1. Debye sum, Cα scatterers, the chain, no solvent: what log₁₀ I/I(0) at q = 0.10, 0.15, 0.16 1/Å?
2. Please calculate the 1.4 Å probe accessible area of E161, with all protein chains present, and give it to the nearest 10 Å².
3. Roughly what would the spin-label model give for T189 and M134, points 7 Å off Cα along C-beta, in nm?
4. For every helix of n ≥ 4 consecutive DSSP H residues, a contribution of -39,500 (n - 2.57) applies; sum these over the chain, divide by its total residues, and give [θ] at 222 nm rounded to the nearest 500 deg cm²/dmol.
5. Excluding same-chain residues fewer than 8 positions from K36, which aspartates and glutamates have a Cα within less than 19 Å of its Cα?
6. What's the FRET efficiency of M197 with T86 using the Cβ-Cβ distance as r and R₀ = 35 Å, to the nearest 0.05?
7. Of all beta bridges DSSP finds with both residues in the chain, what is the antiparallel percent, to the nearest 5?
8. Counting other C-beta atoms within 10 Å, and keeping those with at most 13, which DSSP coil trypsin sites (Lys or Arg not before Pro) do you find in the stretch 70-156?
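The values are calculated or read from the model by the stated rules, or taken from the named source; none is laboratory data. Because the structure is a prediction, the values reported are computed rather than measured. Because the Cβ atoms are built from the backbone with ideal geometry, glycine has one as well, and the counts that use them run over all protein chains shown. Ligands, DNA and RNA are stripped out before the accessible areas are found, and what is left, the full protein with its side chains, is counted by its heavy atoms. Shrake-Rupley method; radii C 1.70, N 1.55, O 1.52, S 1.80 Å.
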Amino acid sequence: MNFQQATFQASYGTFSQLPPCIGMEIAFAGRSNVGKSTLLNKIFNRKALARVSAVPGKTATINFYRIAPVTFVDLPGYGYAKVAKTEKRRWAELIDGYLESDRDIQLIFLLLDMRHAPSRDDLQMIDYLVAQEMPFVIILTKADKLNQSQRKARMEAFAEEIPYFDEIHIIPFSAITREGVETIREVITELAEAEKMEK
Ligand code: GDP
């Protein structure tokens, strides 16, 4: 797959605006400011295909990117405290609407900041994905911000904090060192290849 050929499709502010599903989708979810836009740009090897926000929590849209046969779905970052309740509700409706839809969602990458314990929203998301038996991979972002001993301590803590931790594919990631970039691309490529074989 040529990741650099990713194209931005469109942004949608409400679930009902989403275009029909045209094939396999891979979604990215996580708290606002977790580093989702930065990660997408690294995966696509592009400087600014996805917008990296100086003001966290501003992008409350679902953004679609595409490299055939995969549609990449960038879900709005959740859990940003400083927005109105009505706005939070709209975000929740977007995320829930998408996850509960009958679209061909083949994988969800859930991003967690490696420095911190998962938030209540993160844990709610994990519980939901497990309960719905949706395939997901956890990406631990900003790995460069921890030294070896901090990292070891955090990994031990995650094992306690995250249910079914041993059964979940965990990928540490850093936009600075590029750790994890190739692993994430391999996971995506494998799914895309399987899709092509089916056709
Ligand atoms: P989003 O809200 O999840 O899309 O987060 P952004 O991609 O906008 O990133 C939020 C902030 O974290 C920005 O200041 C980024 O530069 C920073 N950031 C993102 N990824 C990394 C990383 O891997 N390492 C470091 N040190 N900073 C990062």
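1. Taking Cα atoms of the chain as identical point scatterers yields -0.39, -0.93, -1.08.
2. The accessible area of E161 comes to roughly 60 Å².
3. 2.7 nm
4. -11000 deg cm²/dmol
5. Here the aspartates and glutamates satisfying the reach criterion relative to K36 are E25, D74, D96, D113, D121, D122, D144, E179, E182, E186.
6. 0.20
7. For the chain, the DSSP antiparallel bridge percentage is about 30.
8. Here the sparse-neighbourhood loop sites are K82.
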